[in-house]
Amino acid sequence: MAVNFRPVQALRLWHEVMVDLVRDEEVDLSARQLAILLTIYLEVPPHTVRGLAKRLNVTKPVITRALDTMGSLDLVSRRRDDLDRRNVIVQRTVKGTLFLDRLSDRIMARIEMLKTA
C-alpha cells in the first residue's frame, strides 16, 4: 500500500503516534530506545551490543543503558554468546513483540485517519 504524504503530514503522523505513546499507560520509550528496539525486531538477528552500537553509530554504554531499561520492561532479553563469551546476544521477547504490534496498529490507524481527513 503506497501512501503519499506531504512533509507536514508525515510530521503530523509521527506527532500523533508519539502523543498516543505518551498518553498510553504502558511504557514510555525514548527515541533512542525505540530505535534500538525497532532495529532488534525489524533487522535480521543475531543482535549483539557491539553490533547495535555500530549499526546506530553510538557507544556500547549507550546501548547497554537502553537495554537495561528495556530489559526491566521485558521488551528484550540478553544472554552471553556461548561461542564467544565476549559477546552479549540481544533477543526479542513476547512482550516486546506485542508492544510493537500495538505500535504498528496505532500507526496504521493514524494513517487511515490522515487518508480520510
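The values are calculated or read from the model by the stated rules, or taken from the named source; none is laboratory data. Remember, it's a predicted structure, so these values are computed and weren't measured experimentally. For neighbour counting, all protein chains shown are included, and Cβ atoms are generated from backbone atoms with ideal geometry for every residue, glycine included. Areas reflect the complete protein model, heavy atoms only, side chains present, ligands, DNA and RNA absent. Shrake-Rupley method; radii C 1.70, N 1.55, O 1.52, S 1.80 Å.
Results, tabulated for the structure shown:
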{"quantity": "Leading residue by the ranking (least open to solvent (accessible area, probe 1.4 Å)) among those in region 89-117 that are at pLDDT below 85 and of a type in the set (A, V, I, L, M)", "calculated": "114"}
{"quantity": "Complete set of residues in region 11-35 that are touching a residue at least 40 places away in the same chain (Cβ under 8 Å) and farther than 14 Å from residue 110 by Cβ", "calculated": "26, 27, 29"}
{"quantity": "Answer from 86, 78 - the residue that is surrounded by 16 or more Cβ atoms within 10 Å (Cβ to Cβ), over 28 Å from residue 10 (Cα atoms) and basic (Lys, Arg)", "calculated": "78"}
{"quantity": "Cβ-Cβ under 7 Å pairs, at least 6 apart or on other chains, region 65-92 side farther than 11 Å from residue 48 by Cβ, far side modelled with pLDDT of 95 or more and in a loop (DSSP other than H, G, I, E, B)", "calculated": "74/93; 75/93; 76/93; 77/93"}
